[in-house]
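Heads up: the structure comes next, in structure tokens.
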Amino acid sequence: QVQLVESGGGLVQPGGSLKLSCAASGSIFRINAMGWHRQAPGKERELVATITSGGSTKYADSVKDRFTISRDNAKNTVYLQMNSLKPEDTAVYYCNADVSNTWFVSIDYWGQGTQVTVSS
């Protein structure tokens, strides 16, 4: 089994910052791509950012230049630094990881989600 444990969510004022963390543990041979998605009330889950094992990143247009995704491969952890937060960023944030437990098999795992609320 693989577990993803998220932390760092909470309540922040507009313009503030939060840093989310997600640590993977369990039967892991290699973690390939990792990423963050979010789901706001009444909306579908959307991609926020992804990062490959080599460090290549992609961002949704709505968060580009404000959010930064990074990873620590030694700790099997992915981070999302969120700056200049807006009320529109309010959502449940989910991390995910594409995990290989052999050379030939990989599975996409998801965390439980962490609430981020941006409000004055």
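Report, to the nearest whole %, how much of the accessible area of the chain belongs to carbon and sulfur atoms, 1.4 Å probe, protein only.
Exposed carbon and sulfur together represent 48 percent of the surface.
Taking the solvent-accessible surface of protein heavy atoms with a 1.4 Å probe, what is the per residue accessible area of the chain in Å²?
Using a 1.4 Å probe on heavy atoms only, each residue of the chain averages 55 Å².
Give me the base-10 log of I(q)/I(0) for segment 32-120 at each q in 0.25 Å⁻¹, Debye formula, one uniform scatterer per Cα, rounded to two decimals.
Relative scattering, expressed as log10 I(q)/I(0), comes to -1.36.
For the chain, what does the relative contact order come out to in percent, with C-alpha contacts under 8 Å and a separation of six or more?
This gives 36 percent for the chain.
If R0 is 41 Å, what FRET efficiency do you get for residue 101 and residue 65 from their C-beta distance, rounded to 0.05?
So the FRET efficiency works out to roughly 0.70.
Within segment 85-120, report the chymotrypsin sites (Phe, Trp or Tyr not before Pro) that DSSP leaves as loop and that have at most 13 other Cβ atoms within 10 Å.
Passing both the DSSP loop test and the Cβ count: 103, 104.
Could you work out the percent of alpha carbon pairs in segment 53-99 separated by over 11 Å, rounded to a whole number?
Roughly 74 percent, once rounded to a whole number.
The values are calculated or read from the model by the stated rules, or taken from the named source; none is laboratory data. This is a predicted model, so every value here is computed, not measured. When we count neighbours, we look across all protein chains shown, and the Cβ atoms used for this are built from the backbone with ideal geometry, even at glycine. Ligands, DNA and RNA are stripped out before the accessible areas are found, and what is left, the full protein with its side chains, is counted by its heavy atoms. Shrake-Rupley method; radii C 1.70, N 1.55, O 1.52, S 1.80 Å.
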